[in-house]
Amino acid sequence: MNKAQEMTKTDTSVIRPNLLSVDDAKAMTLPRMTEIFTKHLNPGQLHFMKLLGFHKIKIERAEGMYYYDQNGRAILDFFGGFGSLAFGHNHPRIVEARKKFQDERRQEIAIAFMSQYASALAHNLAACSPGDLDMVFLGSSGSEAMEAAIKVAERAAGPKKPKIVYAENSFHGKTKGVLSITDGSLYRGEFKLVENTIRVPFGDIDAIENAFKSDSEIGVIVLETIQGGGGIIQASNEYWRKLRALCDQYGVLWVADEVQCGFGRSGKFYAFEHAGVIPDVTALAKSLGGGKAAVGAMIARREVYMKAYGTPKTAMIHAMATFGGIGEACVTSIEAINILYDENLIENSATTGDYLLYKLEELKAKHPGMIKDVRGKGLMVGLEFHDFSKTVPVVLRPVLAMLDDKLKGSLPGFIGSHLLRDHGVLVAFTEYNRNVVRLEPPLICGREHVDEFITALDEVLSRGIVRIVKDFVKAQVK
Ligand SMILES: Cc1ncc(COP(=O)(O)O)c(C=O)c1O
């Protein structure tokens, strides 16, 4: 028996596993989704979905400002995927650009050859960025963009300045590098993280100055320009200007995380533009993918980038990964950036955001016992409720005792579930402060959508705290 005959003797039969098709996925019922979610995705997360009533909803379609569920009910999206849906759901121009790219059978993975699409996207990002922020790294998530950002800064700062400063209540992602500068004990858990990090309070310029003064090994400072996960926390323009000056004085590189607050959300392309200053490195993701693709980008000042990776010897140290600059994702982002300007969405974010804040201030005046604070910039708005864990009416204490710990002192959970159930309105929580609802609707949001949201919220708040909590508990035990 020769070699070729021997090879044909090996068993090449492959048993097809029990697979579901795309049509099976489309037709899947809610109980089956729940079963698979529990079995193969995240059983613990389902617990929270159940608490909030999300488990009863199967989204069949999404367009513009709305999701549509299995019963054809429209759900107004004031959550916006934590800022990922600037263009709303399935913007027709983005859908069209993607279809065209597919029909033309274009190169998708851009590792071997250069890509005209990755090039155009890099050009657009440099064009949108002030100063010499013009060297681009493309990836597929905010975490990846932020990993690239801290790596380029660390290399440019050099081995004599290895320490990284970050802020209290920061969120920069969950991969190990950026987890090390993410200030959430839940996320950090007991992981072995990157050493040499120094935490300072957010918005306190003296703390930064003291840190820089006392430790010449500090080479990098990483800050969200507006803290999202921390509960929509802003610092003054003065703070950012002083930060720029201190970084220049002490030779520290400033990395601005704009993954959530960037891309027009604050009413400027980058939130740091409000202060008229330019960081050394920044990062975008979320809406950069047009709500259809997974795209993240790091943008660095040329000088910083060249120091880190500017020679043939260093060029591949952090070159794009397999899916960096992938064709259809780049097309999506190129179209998205064009739409951002063609449809004046940055301006709309500023003006509709102002209107939303104004209407929320009115509600605060009407419901002072519930709303504690309203804040934000553009369509990145925080609505903070009073913490009632200690002031809860006596009559509610026994029912509250039955609830999940996370919900006990937090009105947003109750209010969010009522908004969804009774008004078809979706809002989101905040990781570190459960009393804050984060409002990040698509940047296509109009005044009519703000009015729809405000009317719904007003109705729920007008029920009063006792009814809100009792209704919620009743829905849980049903
Ligand atoms: C400010 C900020 N940085 C980084 C990230 C991480 O992005 P991703 O979830 O795409 O990895 C997020 C995500 O919410 C974020 O808000």
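The values are calculated or read from the model by the stated rules, or taken from the named source; none is laboratory data. Note that the structure is predicted; figures quoted are calculated from it, not measured. Virtual Cβ from ideal backbone geometry, glycine too; neighbours counted across all protein chains shown.
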Exactly one of Ile278, Ile233 is touching a Pro at 6+ places or on another chain (Cβ under 6 Å), surrounded by fewer than 24 Cβ atoms within 10 Å (Cβ to Cβ), touching a residue at least 40 places away in the same chain (Cβ under 8 Å) and farther than 24 Å from Glu195 by Cβ, and that residue is Ile278
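Please find, within region 252-274, the residue that is farthest from Glu144 (Cα to Cα) out of those that are assigned to a helix (DSSP H, G or I) and more than 16 Å from the ligand (Cβ to nearest atom).
Residues of region 252-274 assigned to a helix (DSSP H, G or I): 271-274.
Applying the additional criterion that residues be more than 16 Å from the ligand (Cβ to nearest atom) yields 273-274.
Details: Glu273: 23, His274: 26 Å.
Checking each candidate, the answer is His274.
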Original post:
Would region 119-135 turn up any residue that is under 17 Å from Lys292 (Cβ atoms) and either touching an Asp or Glu at 6+ places or on another chain (Cβ under 7 Å) or outside the structural domain of Ile326 (by TED's automatic domain parsing) (or both)?
Top reply: no
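Does Glu190 qualify as being touching a strand residue (DSSP E or B) at 6+ places or on another chain (Cβ under 8 Å) and surrounded by fewer than 18 Cβ atoms within 10 Å (Cβ to Cβ)?
Here the answer is no, as Glu190 does not meet what is asked.
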Of the residues in region 296-324, those that are in contact with a strand residue (DSSP E or B) (Cβ under 7 Å, 6 or more places away or on another chain) and either under 25 Å from Leu345 (Cα atoms) or of a type in the set (Val, Ile, Thr) (or both) come to Gly296, Ala297, Met298, Ile299, Ala300, Val304
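Only one of these is in a helix (DSSP H, G or I), of a type outside the set (Phe, Trp, Tyr) and touching a His at 6+ places or on another chain (Cβ under 9 Å): Ala365, Ala350, Ala308. Name it.
Numbers: Ala365 fails: touching a His at 6+ places or on another chain (Cβ under 9 Å); Ala350 fails: touching a His at 6+ places or on another chain (Cβ under 9 Å).
Exactly one residue qualifies, and that residue is Ala308.
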Apart from one, (1) part of a loop (DSSP other than H, G, I, E, B); (2) buried (at least 23 other Cβ atoms within 10 Å of the Cβ); (3) aliphatic (A, V, I, L, M) all hold for Ile109; the odd one out is (2)
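This table checks each residue for (1) at pLDDT 90 or above; (2) buried (at least 21 other Cβ atoms within 10 Å of the Cβ).
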residue	(1), (2)
Asp422	yes, no
Val436	yes, yes
Leu439	yes, yes
Cys445	yes, yes
His449	yes, yes
Phe453	yes, yes
Leu457	yes, yes
Ser462	yes, no
Phe472	no, yes
Within region 200-251, residues within 16 Å of the ligand (Cβ to nearest atom) and among the hydroxyl-bearing types (Ser, Thr, Tyr) come out as Thr225
Restricting attention to region 112-122, the residues that are without any contact (Cβ under 8 Å) to a residue 24 or more places away in the chain and part of a loop (DSSP other than H, G, I, E, B) number exactly 3
Quick check: anything in region 221-240 more than 27 Å from the chain's Cα centre (by Cα) and in the same structural domain as Gly158 (by TED's automatic domain parsing)?
-> no
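Is it true that some residue in region 307-319 is within 15 Å of the ligand (Cβ to nearest atom) and among the hydrophobic types (A, V, I, L, M, F, W, C)? Walk me through it before giving the result.
Quick first cut of region 307-319, residues within 15 Å of the ligand (Cβ to nearest atom) only: none.
For region 307-319, residues within 15 Å of the ligand (Cβ to nearest atom) and among the hydrophobic types (A, V, I, L, M, F, W, C): absent.
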Checked against (1) surrounded by 14 or more Cβ atoms within 10 Å (Cβ to Cβ); (2) within 29 Å of the chain's Cα centre (by Cα); (3) in a loop (DSSP other than H, G, I, E, B), Leu46 satisfies every condition except (3)
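Check whether at least one residue in region 121-138 is within 16 Å of the ligand (Cβ to nearest atom) and closer than 14 Å to Leu284 by Cβ, and report yes or no. First the steps, then the outcome.
Going residue by residue through region 121-138, those that are within 16 Å of the ligand (Cβ to nearest atom) are 137-138.
Adding the requirement that they be closer than 14 Å to Leu284 by Cβ leaves 137-138.
Checking region 121-138: at least one residue is within 16 Å of the ligand (Cβ to nearest atom) and closer than 14 Å to Leu284 by Cβ.
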Of the residues in region 217-230, those that are surrounded by fewer than 23 Cβ atoms within 10 Å (Cβ to Cβ) and either part of a strand (DSSP E or B) or without any contact (Cβ under 8 Å) to a residue 60 or more places away in the chain (or both) come to Glu217
Region 406-478: helices (runs of 4 or more DSSP H) wholly inside it with 2 or more residues that are of a type in the set (Gly, Ala, Ser) are 411-423, 447-462
Result of the Cβ filter at 9 Å on region 1-21, keeping first residues that are farther than 30 Å from His40 by Cα and partners that are part of a loop (DSSP other than H, G, I, E, B) and at pLDDT below 95, at least 6 apart or interchain, is Lys9/Met1
Per the filter on region 275-303, residues part of a loop (DSSP other than H, G, I, E, B), within 14 Å of the ligand (Cβ to nearest atom) and of a type in the set (A, V, I, L, M, F, W, C) are Ala285, Ala293, Ala294, Val295
Note on region 74-95: residues among the β-branched types (Val, Ile, Thr) and surrounded by 21 or more Cβ atoms within 10 Å (Cβ to Cβ) are Ile94
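Which ones in region 123-141 are touching a residue at least 40 places away in the same chain (Cβ under 8 Å) and under 25 Å from Asp342 (Cβ atoms)?
Step one: filter region 123-141 for residues touching a residue at least 40 places away in the same chain (Cβ under 8 Å), giving 124-126, 128-141.
Scanning region 123-141 gives Asn124, Leu125, Ala126, Cys128, Ser129, Pro130, Gly131, Leu133, Asp134, Val136, Leu138.
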Filter region 281-301 for residues that are among the aliphatic types (A, V, I, L, M) and surrounded by fewer than 24 Cβ atoms within 10 Å (Cβ to Cβ); the one that is nearest to the chain's Cα centre (by Cα) is Ala294
Going through region 235-270 in order, the residues found to be among the hydrophobic types (A, V, I, L, M, F, W, C), touching a helix residue (DSSP H, G or I) at 6+ places or on another chain (Cβ under 9 Å) and more than 20 Å from Gly158 (Cβ to Cβ) are Ala235, Trp240, Leu243, Ala256, Val259, Cys261, Phe263, Phe269
